[in-house]
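Participant: Just dropping this structure here.
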Amino acid sequence: MSWLLYGANGYTGELTAREAVRRGLRPVLAARNAAAVERLGAELGLEVRAFELSPAAIATALRGVALVLHCAGPFSATRSR
């Protein structure tokens, strides 16, 4: 199963990504900040996806993803409407 960790370059997201790898899991790391998420992905050896929070960008980025773990904040700015 492919799963995506959104907000991977933030405090909670990075901790979650590192713990997932420690447990042998391979999430796709995702965020709006391409440079930051690419650095973390390279360090952890994980696929990354950077995208804005528009319906079209989200739909494209979530192709092939069965589950999303949302770790981005603040929630008021990243929740779907």
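The values are calculated or read from the model by the stated rules, or taken from the named source; none is laboratory data. A quick note: this is a predicted structure, and the numbers were derived from the prediction, not measured. All Cβ positions, even for glycine, are placed from backbone atoms using ideal geometry, and neighbour counts span all protein chains on display. Just so you know, the surface numbers come from the protein's heavy atoms only, side chains and all, with ligands and any DNA or RNA stripped out. Shrake-Rupley method; radii C 1.70, N 1.55, O 1.52, S 1.80 Å.
Participant: Here are some conditions: (1) open to solvent by less than 70 Å² (accessible area, probe 1.4 Å); (2) at pLDDT 95 or above. Arg23 meets all but one. Which one does it not meet?
Facilitator: (1)
Participant: Cβ-Cβ distance below 8 Å, separation of 6 or more or different chains: which pairs start in the range 42-60 with a residue that is within 15 Å of Ala72 (Cα to Cα) and part of a strand (DSSP E or B) and end on one that is open to solvent by 70 Å² or more (accessible area, probe 1.4 Å) and of a type in the set (Lys, Arg)?
Facilitator: If the second residue must be open to solvent by 70 Å² or more (accessible area, probe 1.4 Å) and of a type in the set (Lys, Arg), the pairs left are Ala50/Arg32.
Participant: Here's a follow-up. Filter the range 19-49 down to the residues that are touching a helix residue (DSSP H, G or I) at 6+ places or on another chain (Cβ under 7 Å) and under 15 Å from His70 (Cα atoms) and list them by number.
Facilitator: Correct list: Pro27, Leu29, Ala30, Ala31, Val48, Arg49.
Participant: Of all the residues that make up the range 29-39, how many are open to solvent by less than 10 Å² (accessible area, probe 1.4 Å) and in a helix (DSSP H, G or I)?
Facilitator: Matching residues across the range 29-39 total 1.
Participant: Continuing with the same structure: Scanning for something closer than 13 Å to Asn9 by Cβ, polar (S, T, N, Q) and open to solvent by 50 Å² or more (accessible area, probe 1.4 Å), does the range 57-70 turn up at least one residue?
Facilitator: The answer is no; no qualifying residue exists.
Participant: Quick check on Thr16: is it hydroxyl-bearing (Ser, Thr, Tyr) and either in a loop (DSSP other than H, G, I, E, B) or open to solvent by 70 Å² or more (accessible area, probe 1.4 Å) (or both)?
Facilitator: So Thr16 does not fit the description; no.
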